[in-house]
Each structure stands twice: as C-alpha cells, then as structure tokens.
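The values are calculated or read from the model by the stated rules, or taken from the named source; none is laboratory data. If you're wondering where the values come from, they're calculated on a predicted model, not measured in any experiment. Please note: Cβ atoms are built from the backbone with ideal geometry, for glycine as well, and neighbour counts cover all protein chains shown.
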Amino acid sequence: MATDIRLKDELGSITENLVETYTACGLTHHLGHTPLPSRDGVVDALADLIDVLYPGFARRQNLHIGNVGYYVGSIVDGLHDKLTQQFARALRHELSHQQPDLDFEALAQQKVVAFLKQLPGLRAILEQDVRAAYDGDPAARSHFEIVFCYPGLEAVTTYRLAHILLGLGVPLIPRMMTESAHAKTGIDIHPGAEIGPGFFIDHGTGVVIGETCHIGRRVKIYQGVTLGALSFPRDSDGQIIRGQKRHPTLEDEVVVYANATVLGGDTVVGHHSVVASNVWLTHSVEPYTQVLLEKPQLRIRPAGAEAG
Amino acid sequence: MATDIRLKDELGSITENLVETYTACGLTHHLGHTPLPSRDGVVDALADLIDVLYPGFARRQNLHIGNVGYYVGSIVDGLHDKLTQQFARALRHELSHQQPDLDFEALAQQKVVAFLKQLPGLRAILEQDVRAAYDGDPAARSHFEIVFCYPGLEAVTTYRLAHILLGLGVPLIPRMMTESAHAKTGIDIHPGAEIGPGFFIDHGTGVVIGETCHIGRRVKIYQGVTLGALSFPRDSDGQIIRGQKRHPTLEDEVVVYANATVLGGDTVVGHHSVVASNVWLTHSVEPYTQVLLEKPQLRIRPAGAEAG
Amino acid sequence: MATDIRLKDELGSITENLVETYTACGLTHHLGHTPLPSRDGVVDALADLIDVLYPGFARRQNLHIGNVGYYVGSIVDGLHDKLTQQFARALRHELSHQQPDLDFEALAQQKVVAFLKQLPGLRAILEQDVRAAYDGDPAARSHFEIVFCYPGLEAVTTYRLAHILLGLGVPLIPRMMTESAHAKTGIDIHPGAEIGPGFFIDHGTGVVIGETCHIGRRVKIYQGVTLGALSFPRDSDGQIIRGQKRHPTLEDEVVVYANATVLGGDTVVGHHSVVASNVWLTHSVEPYTQVLLEKPQLRIRPAGAEAG
C-alpha cells in the first residue's frame, strides 16, 4: 500500500489530542472506574435463561422428559457462575463508593440463587403469554410456532427476567437485557414496567412501554404502540423530577392497535377497552370504551401528485 | 470467587422444580418432539440464496461473467444439501404424525429442486424491484447502491423466497426466513402476502404486511406503514376464525406514506391512489384518490410545556 | 440421505439458467466491477472508532488516564490501515472510470488522516449529546448509563462519523455506517443531514431523518418520528430531481414526540416549538408553538368488537 510515512507520523499527535479530551470531556469515557458488566457475558447468560425456560426450541434437539434434567442442570450450574460474575461487577460498580468493604461476590451469589429460584414460577406466567398469543393472532397455526418464531414473546420473556432482577436490586443488567431484546426485536420495554400475565405483543417493531406503566392481565398491543409520558414535572431549578408515575395504566383485557400512542401517568384505560390504530390518547376512558379516530377527509387529486 | 457452597447446593432443587414445570406447562417446551429446523442453518442458506441472486455484492469480489458460473455452481450444489436437510426436518415435524412412513428426505429434495428452479425467474422480478427503488427515491445515487445498502430490498427479497417456499408446501421455514429479515430490517412481511413486481419499501422500520394482503405492481410504501386486520371474525365458541382474507388490497401504482395504517380484508385502495402519512384508513377508495388528514389544530402555549 | 441422483443432475441446468440471467438482468449483479468496500471491514472499523470515542465502555476494562494512551494509540494505528484499505476501495469504485490513473491508496490515506484528526473535536460534541440525553430523560439514572445502554446515542454517534466522511468526499462508506446503525437501532439517519450538538433521540425505533434535514441545537425527538419529504419535484421527463432540499428544518430546542411526521423542504419548525405525538405537519410554525391533535372522538361499543 502506497502509505505516506509522513502522514502516518501524524497518528501520534492525533492520539495525544484524543487523550487530552478524556480529561476535558468526562461524561463520555469510563476511565479509572470499576469494570462494567460484560455485554457479551449478559447476552450469553440471557440465551441460557431462554433455553431453560423454553427447552428444546433454540439449541439442543432430541431432548425429552427423561434426559432434560441433565441438560438443564448443567445450564443452571453454568448460569450460577456466569451470573455471579456479572452481578458482582454490577454491584461493585454501583455500590463500591459508599460500601467499599462489601463482599460483592457473596452478595451477587445470593441474588443469583434468589433469581434462579423464580424461574419455575416464571414459566407458568410465560405459558399464559403463549396461550394469549395463540388466542389473539389468526395467523398463528400452533402454540409452538409462537415460541419458535414470534419476536414479541422473546421481548416479553426478556422483560420478565429483567423485571425480576430489578426487584432483586441488581443494577445495570436489567437494562442491558431489555436493550439486547430491543436491538433484536425493535420492542423497548423498560424493566420497571408492571405487566400482568397473558400479555401479547404482535409484530412489535416500534413498541415502547415506559418505566412506570401498569398493565393488567390479558392485554394485547400491536407494533408501533407507545405507552409514554405526557409531560415531565420539573423542580424549582427546572430539572426533571425522576421516579414519579409518568406512564399510563391499562386495565385487564385492553387492546391497543398499531401505532396508537397512550400518554400520561394519570391516564387509565378501563378494562375491556379498545384503542384503535393511530389514536393519540392523553386522558382516561371508562371500561368497555372504544377509542377511534374520525374517518380521514378525502381529497381527489390529479394522479402523480405526491404527499409523504 | 467467594462462592457459598451451601447456596450452590440449592441448584439441584432449582433444576428439579424447573423440570417439574415441563410437565405442568406443555406449551412452552419442545420435549419429545421431532427436531425443528435449525435457525442458524436457515439463516446460512438464506445468505447463500441472496448471494446467488445478487452475485458480487455481499461476499466474493472480482467475480465476472467468465468465472461466476463456477462460484454460483458450488453454492447451488451446497444449497441443495443444506436446504434438503432443513426442509426434511420441517416436513417431518409437520407430517410425521399423520404420515410416519413418508420418505421425508426424498420429499424435501424434490421441493428443494423445485425451489431452486424458480431462482432464475425470481431475478427478473427483483430487477424490477431495484428499478422501482431507484425511480422512487431521490436520495438514491445509483442502482447498485440500492442492492448494496437498502434494507427494504433485503426484506422484499427474503419475502419473495419465503413466498415461493410457502407455495411449495414447505412448513415453518418461510416464517423463519421472514422473521430473520424482520430482526435485521424491522420490516415484517408475512410469507402469505401476494405482492406484485416493482415493489419498493423505503427506510422500512416498523412496516407490517399481513398474511392476506394483495399488493399490485409498482407499489411504494414507507416506514411504519401497517397493512393489517380491522377485526377478527369469531366462531360460535368465540374462537378466532383463521385463514380468511383479513388484510387490505392495494392496486397498481399505489403509494402509502410513513406511519399510515390501512386495515381490513374488504378495503381496496384503487390504483394510482396515494395514502398520506399517519392516515388511518378502514374503507375502500376509488382509483386516483388521495387520502390526507386534516391539518392539525395549532395551539400556542408557553414555552417549556411538554406533550408527548 | 436418500438423495435422488437424477434430481441432483438438474443443478447444472439451474446454474446455467441463473448465469444467463446475469446478462439479461444487469441491475442486480456486480460482476466485472472493481471491488466494493467490505461490510465486515466497515463494521469492524466503526467499532474501533466508537471504542476510542467512548473509551472504557465497550471493550477493554481497567483503563485509566495513565494507560489509555497506549490502548488508544494502537487502535488509531490499526484504524489508519483498516480505513485506508476500505476508503481506497470506495474511491476506486467511484472514480476509476473517470480517473483511472489516480493513486487511490494515497488519496484514501489523506482522507483517513483528515478524518482521524476530527475525532478529538467530535468528542466535545458527543459530550453535549450525552448531557442532553440525561437532561431530557427522567428514566436516566446517570450519564454513563446513557453511553452504556442508549441506542439513540449509538445511532447519533455513527451518523456524526458518517457525516464527517461525507464532507471529506468518501463514497459509499458513510451510508454503510448509518445502515449498520439502522439495523442495530431501528434509527435511520441519512449521512447528509445537518444536526447540531445536544441532539437526543429517545427509544428511537422507527426514526427516519432525511438527507436534507437541518436540525438545530438541543433538539429532542422520540421513536417513530419521520422528518421526511412532502413531494418530489420531477423534471420534464417525469424523472425525480435529486439533490434539492426536500426535508424539514427544526430550529433550536424543538421537541418532536413519538410517531409524529414532519414533512417538506420548506417546512420550518420554529425554535422552542413542540410537535406532539402522531401529528402530521406539512407547513411551518412560529417559534414557541405547540402543535397538537384534536382529542380523538370516543365511541362506546359493545365489548368484544375490535378495530385495528
């Protein structure tokens, strides 16, 4: 390659200038900090978790009730070690300033075991999610097809795992898990949301479910639905106040169709209500309400004109 | 690592409790079944298929008309074996209960060869898709840029392959292919949809095209467009009736702009019509119609107020 | 495998028929051309760039201000070689027809060094983007969480790198970079857009920012927002005219909420204005304007009816 050596000499000063900015710009580097959890490590553990929650689908074939115990046992054993390492990193990163003497590995292990103990109970909830998906989608040919092919179930499963971890006080990793599902499915569910069983997201790309949403049982939502904040209360300094309920409540059996937006922490969509596509809803509605847009106005135009 | 051995001892009971749920919760495992097609195997074959449909773009460089035959021949030969293995798994999984004595490998091979025979004809349709993309996007600088960089074309190509497989009676794999494209592009096209040549999806994230859509020639749609179901007919038991036409028909030369939603199996958008952005359309419109929203009402508010 | 040899014999004719289409269909192959840049090579270089822009987050842990110089220096050195190779391919592909005698490696190296020189200045802008994200999102617990977990920042960072390359006259690679971010985040920002510092995209799936957008300082947009074209001017032959301003201008401090669509090259959203969710806006508004939809009409319907 016809490399000009004089140009290559400039790389030293470029590096020096970059390193100088690491002092000047402190928000965009992570130098001199305790290690963060490993993204690859968390994604790898998440794949193991999904494998024991839905055995026989993703990886090892020819599992049956007689041999699955050995397979699952070895994965659970490995998960204990993988998760303890990542949880310890997350806990040390979050707590070492205030409590430098904590035994973070021991604390991590306790949380890992408490987490793994909840997996059997979680499977009963996921069973209801799968049933709801089959009952709610005419295109579904079978229940197993939903576990095998539906990205919505993967996003909901990942959220339910992350939500358990959040409740156990594990920092960072819940968000890392839901963001990995977001990247794969386009479905962004905050780990803090409260979501009842029998939850079905169809197609799902563009769905956003905010941190303080409350969602009841057997709720169904479609692609592009936002359950978001209407306004952000600010303190006397104009800073956004964090941690308040900013996102809506959907009661049992609610359906929200494609690209609808439901906003506000005081907004309650009553049970058995239906919010139609592209609706923008910022106030509460009674049970059994249907919320629809007016029919659009039609204009006849000469062919070839465009509007997009 | 300061592992507490007593905690680790609990892993056995956690595994036992998990395994017990595999009996109780039967929808969320795949134990004791014939093997499913391999996701990695299907994704690998899909990459080979796209490589022979668009030679010289993705992998091997410096191909020319004099040497491409050897390269393509070796890929086609490998595809024969890869696809036969995956098709056989899918066919056995679907049919072995009713017809246990079928020679699934032989049946798979017949379908593979019938499928590969359709690739040359498919390239003529893809050529029209590429031309439509270039003609329809002012940001496109050249035709090859569309093949090289546009995710919409990748999603449409994958759909066209999956649609052929569906017609050949190959189970599972069509949906696996379109879901892999969905994960990469955010575009969710059901393999069952009927889509004419010269189809262009620009940007594409959030597009959903339902199972029973009929789309004519030289149709253009943008990101966030849903072609979906308006309502699901139910039988006397309240079960959704599957397999009816639930999704709209777009005639030739229709354009549907960003985040519009067109719903219903009886909804026909007449040829040369334009549906503008964010429209919610649930009834048929004549040819050469433009469907637009009313201009939004404006409110002047003090700065700093928020709504979203 | 019960392979029928007679069927396998047909693979030869299938290959011949495919190769014939490479002559007939010229838009869908890249035979006999100079090599394209490598997608894997560009993605690999992009990961290196993000690593030196946000050191200590993604890869190597335990970096501190004392050792980071060695780490960054080695990455910058490797980037020089990786990028020179890819830039040279892109330049040769674009220019070799008109200027076959150019030294493409030397030209590429000049552009690589000019590009790397801009990284320190870019970090100061990214610092403002991170601050804007923290100030704009009540769910954010800390600044580092935004760098570590927020896909919007990854998409904006990739866009800013691609925009610099576009300004340096590097072909193809800017679009390859933004499409790789699009695939990961669902956020599609054209490298040609002009975007000021302090830009925050929250959630982001489905966002499309067109080639000729002008976006001011401290602008915030949400998932599903399209900043797009209203109509495409055509020449006397009916061909779309390329390169005109087709996309809107957002002045400083504008907020556009989820699934809103703002269209047109003449559309200017005045500073400190707010466009609410699901709005369709095709004309200019004054500073400090809020644009909201009418409240949707409500209809009370019997439970069980569906619309979506």
> B:G32 is checked against (1) on the phi > 0 side of the Ramachandran plot; (2) in contact with a strand residue (DSSP E or B) (Cβ under 9 Å, 6 or more places away or on another chain); (3) not basic (K, R) and fails just one. What number does that condition carry?
Replying inline: (2)
>> Is it the case, given these coordinates, that A:A162 is among the small types (G, A, S), in contact with a Lys or Arg (Cβ under 8 Å, 6 or more places away or on another chain), crowded, with 20+ Cβ neighbours inside 10 Å and closer than 30 Å to B:I241 by Cα?
In response: no
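Consider segment A:16-60. How many of its residues are away from chain C (no Cβ under 14 Å) and over 23 Å from the mean Cα position of the chain (by Cα)?
2
From the residues in segment A:196-233 that are among the basic types (K, R) and either part of a loop (DSSP other than H, G, I, E, B) or out of contact with any helix residue (DSSP H, G or I) (no Cβ under 8 Å at 6 or more places or on another chain) (or both), which one is surrounded by the most Cβ atoms within 10 Å (Cβ to Cβ)?
A:R218
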>> Looking at (1) among the basic types (K, R); (2) more than 10 Å from the chain's Cα centre (by Cα); (3) under 29 Å from A:V255 (Cβ atoms), which one does B:R175 not meet, given that it meets all the others?
In response: (2)
> Looking at segment A:12-69, which of its residues are in contact (Cβ under 8 Å) with a residue 40 or more places away in the chain and part of a loop (DSSP other than H, G, I, E, B)?
Replying inline: A:H33, A:T34, A:P35, A:L36, A:P37, A:S38, A:Y54, A:F57
> Which residues, counting only those in segment C:167-195, are in a helix (DSSP H, G or I), surrounded by 21 or more Cβ atoms within 10 Å (Cβ to Cβ) and of a type outside the set (D, E, K, R)?
Replying inline: C:I173, C:P174, C:M176, C:M177, C:T178, C:A181, C:H182, C:T185
> Quick one: is C:A132 out of contact with any strand residue (DSSP E or B) (no Cβ under 9 Å at 6 or more places or on another chain), in the same structural domain as C:V76 (by TED's automatic domain parsing) and modelled with pLDDT of 95 or more?
Replying inline: no
>> Name the single residue that is nearest to B:G167 (Cα to Cα) among those in segment B:109-127 being more than 19 Å from the chain's Cα centre (by Cα) and of a type in the set (S, T, N, Q).
In response: B:Q110
> Under the condition of being of a type in the set (A, V, I, L, M, F, W, C) and in a loop (DSSP other than H, G, I, E, B), which residue from segment C:234-262 is farthest from the chain's Cα centre (by Cα)?
Replying inline: C:I241
> Looking at B:L83, B:L107, B:L122, B:L102, which one is more than 8 Å from chain C (Cβ to nearest Cβ) and buried (at least 22 other Cβ atoms within 10 Å of the Cβ)?
Replying inline: B:L83
> Say we look at segment B:184-239 and pick out the residues that are touching a strand residue (DSSP E or B) at 6+ places or on another chain (Cβ under 8 Å) and of a type in the set (D, E); which of these is farthest from the other protein chains (Cβ to nearest Cβ)?
Replying inline: B:E194
> Taking interchain pairs and intrachain pairs at least six residues apart, which have beta carbon atoms under 8 angstrom, with the first residue in segment C:135-152 and within 16 Å of A:H29 (Cβ to Cβ) and facing another protein chain (nearest Cβ under 7 Å) and the second surrounded by fewer than 22 Cβ atoms within 10 Å (Cβ to Cβ) and among the basic types (K, R)?
Replying inline: C:H143/C:R131
> Which residues, taken from segment A:12-30, are of a type outside the set (S, T, Y) and surrounded by fewer than 18 Cβ atoms within 10 Å (Cβ to Cβ)?
Replying inline: A:G12, A:E16, A:N17, A:E20, A:A24, A:G26
> So which residues in segment C:125-142 are surrounded by fewer than 21 Cβ atoms within 10 Å (Cβ to Cβ) and charged (D, E, K, R), if there are any at all?
Replying inline: C:E127, C:R131, C:D135, C:R141
> How many residues does segment B:263-288 hold that are surrounded by fewer than 20 Cβ atoms within 10 Å (Cβ to Cβ) and facing another protein chain (nearest Cβ under 7 Å)?
Replying inline: 2
>> Take the conditions among the charged types (D, E, K, R) and over 28 Å from B:S142 (Cβ atoms) and apply them to C:R217. Does it pass?
In response: yes
> What residue, among those in segment C:36-75 that are among the hydroxyl-bearing types (S, T, Y) and within 17 Å of A:L36 (Cβ to Cβ), is surrounded by the fewest Cβ atoms within 10 Å (Cβ to Cβ)?
Replying inline: C:Y71
